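K.L.:
Below is a structure I'd like to ask you about.
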Amino acid sequence: MEFVIKISQFLLSLSLLIVLHELGHFIPAKLFKTRVEKFYLFFDVKFSLFKKKIGDTVYGIGWLPLGGYVKISGMIDESMDKEQMAQPPQPWEFRSKPAWQRLIIMLGGVTVNFLLAILIYIGMSYFYGDRILPNENIKDGVLVESTVANKAGLLTGDKIISVDGEPIEDFSQISEKVLFGKNITIERDGQQSTVTLPEDFLAQLIDSNEKKFIDLRMPFVIAEVPDSSFNKGTGIQKGDIITGFNDKKTKYIDEVIPALDTFKGQQVQATVLRDNKELQIPLTISEEGKLSLVYASGATPETLEALGYYKFETKKYGFFEAIPVGFVKTKEKLSSYITQVKAIFTPSTGAYKGVGGFKAIYDIFPNYWSWQVFWNITAFLSIMLGFLNLLPIPALDGGHVMFLLYEMVSGRKPGDKFLEYAQMVGFIILIALVLFANGNDIFKAIFN
């Protein structure tokens, strides 16, 4: 069932983005009276799952879910229709239109991608608002579970003050900024210092296969007392929070685990928080340092706030207030993604090792259905799709735009043969990138 939920979100998001992107090309093409021969969701190599011709356009669904396309008459694209291009130009063809019209047609897809992200963020801001955890409210620092980060100098309990001189405003910024940062200003034991991360820090993280990096420190909440537990009948209950053993305080999980090792093989007086009251309960710790209890590794913001661990802030927006927020969030996400792409194309960082394909995108979606999470991911993917399509690679929208701008500036149109060869080179580059990204997914699945 979890697979069905994840794959449904993945396919729905991907289909929505593809259709709207191609619609961004389709609408201006129609407005400029340019014939669109095909409008396809997914690729129809050899055959289609569905197709129907309406007017001059065949609308269909292909069987290969690697994207989608619109085939515009008289345009050198991935179809490589040399026979059509050998004929004299017709008034309804793309190549017969003024350069400014062709430019608008080519920019239509990425324009829709960025507008979609803005609209989604406006809607989410209006309907859900923002719940943030101000960095100043993290009194006891963050949880750093990565051995690579520990080796670099970041430890559990550190307060992350700034990254490369830029102050951290709220918790959601920390992981990403540290990942792509260099100089991390921390506060430890009341003293500020700077941790300088190695240039290949990201590569080391990827190679380590560690799933966790920086997180919130959480209370040790009992999720279940198994019938087979040797601490069954001691009075410990589901929902209890262990905050100490004997005289040793253990406010967080990361403090409980080493404390168990200290007291292994002993009976201790555990300090337990229940309904905001402290209780003393005798518990046995095994020779292996275990309590034989199931604990929860996380808690909701409401629970954490009620327990007094963290103070969250909720921002609500009216409709008109949400509009500028949508633009700001889109700008921030785009800036963040550009930073990631720069790291990927800088070999010394090793970020290219983390590049993923369709499996990586699929893994982003949760195994439960949440419209808030779905739209948040879809907005980011829309920004990602828009930016990648703007890269000046022939066969991408950005490649077509590059040649059109050259034509508009120089007054000379590149020859059809040149554009055909450029399209072929661009297509080879794209195939190589797709194989590399999805190959990374396969490698990780086998060896991680």
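K.L.:
Express in whole angstrom the spacing between the alpha-carbon centres of region 3-82 and region 296-359.
P.N.:
Centre-to-centre distance over Cα atoms comes out at 31 Å.
K.L.:
Right, next: Mind giving me the nanometre distance, one decimal, between the label points for Leu391 and Leu31, set 7 Å out from Cα along Cα→Cβ?
P.N.:
2.9
K.L.:
Say R0 is 35 Å: what FRET efficiency, to the nearest 0.05, do Asn246 and Leu307 get from their beta-carbon distance? Walk me through the numbers before you get to the answer.
P.N.:
Details: r = 22 Å, r/R0 = 0.63.
Efficiency for this residue pair is about 0.95.
K.L.:
Also, I was wondering about something else. If the chain between Glu176 and Val19 were fully stretched, how many nm would it gain, using 0.36 nm times the residue separation less the Cα-Cα distance? Walk me through the intermediate numbers first.
P.N.:
Values: separation 157, 0.36 × 157 = 56.52 nm, distance 3.03 nm.
Gain on extension, Glu176 to Val19, equals 53.5 nm.
K.L.:
What accessible area per residue, rounded to a whole number of Å², is obtained for the chain using a probe radius of 1.4 Å?
P.N.:
53
K.L.:
Okay, moving on. Using a Förster distance of 35 angstrom, determine the FRET efficiency expected from the C-beta separation of Ala360 and Gln90, and round it to 0.05.
P.N.:
0.25
K.L.:
Here's a follow-up. In square nanometres, what is the average projected area of the Cα convex hull of region 197-320?
P.N.:
Here the figure is 12.4 nm², rounded to one decimal.
K.L.:
Ile5 to Ile442: extension gain in nm, 0.36 nm per residue of separation minus the Cα-Cα distance?
P.N.:
Full-extension gain reported as 155.1 nm.
K.L.:
Looking at the chain, do any whole DSSP H helices span at least 15 angstrom along their long axis by alpha carbon and average 0.0 or above on Kyte-Doolittle, and which? List each step's numbers first, then the result.
P.N.:
Details: long enough: 2-31 (43 Å, 1.26); 99-127 (41 Å, 1.56); 319-344 (37 Å, 0.37); 371-389 (26 Å, 1.18); 397-410 (20 Å, 0.68); 416-447 (45 Å, 1.20).
Span-like helices here: 2-31, 99-127, 319-344, 371-389, 397-410, 416-447.
K.L.:
Rg (Å, one decimal) plus Dmax (Å, integer) for the alpha carbons of region 279-382?
P.N.:
Just the Cα atoms of region 279-382 yield Rg and Dmax of 21.2, 61 Å.
K.L.:
Past 25 Å, Cα to Cα, is the threshold; run Lys177/Lys249; Lys211/Lys290; Lys6/Lys251; Lys264/Lys311; Lys151/Lys353 against it and keep the listed order.
P.N.:
Lys177/Lys249; Lys6/Lys251; Lys264/Lys311
K.L.:
On the protein heavy atoms, probe 1.4 angstrom, tell me the percent of accessible surface of the chain carried by carbon and sulfur.
P.N.:
Working: 14570 of 23920 Å².
Answer for the chain is 61 percent, counting heavy atoms of protein chains only.
K.L.:
Could you check the simple spin-label distance between Ser286 and Gln267, using points 7 Å along Cα→Cβ, in nm with one decimal?
P.N.:
Label-label distance for Ser286 and Gln267, simple model: 1.9 nm.
K.L.:
Moving on to the next point. Which one of Val325, Val19, Val256 has the biggest mean-square fluctuation once the chain is modelled by GNM with Cα springs under 10 Å?
P.N.:
Val256
K.L.:
Further, regarding this structure: Once the piece of chain linking Val373 and Glu210 is laid out straight, how much longer is it, given 0.36 nm per residue of separation minus the C-alpha distance between them?
P.N.:
56.3 nm
K.L.:
Say a paramagnetic label sat at a point 7 Å from the Cα of Glu169, along Cα to Cβ; which residues of region 277-312 have their backbone N under 18 Å from it?
P.N.:
Counting backbone N atoms under 18 Å from the label point, the list is 312.
K.L.:
Also: Starting from the Cα of Ala223, step 7 Å along the direction of its Cβ; do the same at Lys277; then give the gap between the two resulting points in nm.
P.N.:
Using points 7 Å along Cα→Cβ, the separation is 2.8 nm.
The values are calculated or read from the model by the stated rules, or taken from the named source; none is laboratory data. All figures in this text were calculated on a predicted structure; none of them were measured in a lab. Because the Cβ atoms are built from the backbone with ideal geometry, glycine has one as well, and the counts that use them run over all protein chains shown. The accessibility values were calculated without ligands, DNA or RNA, using every heavy atom of the protein model including side chains. Shrake-Rupley method; radii C 1.70, N 1.55, O 1.52, S 1.80 Å.
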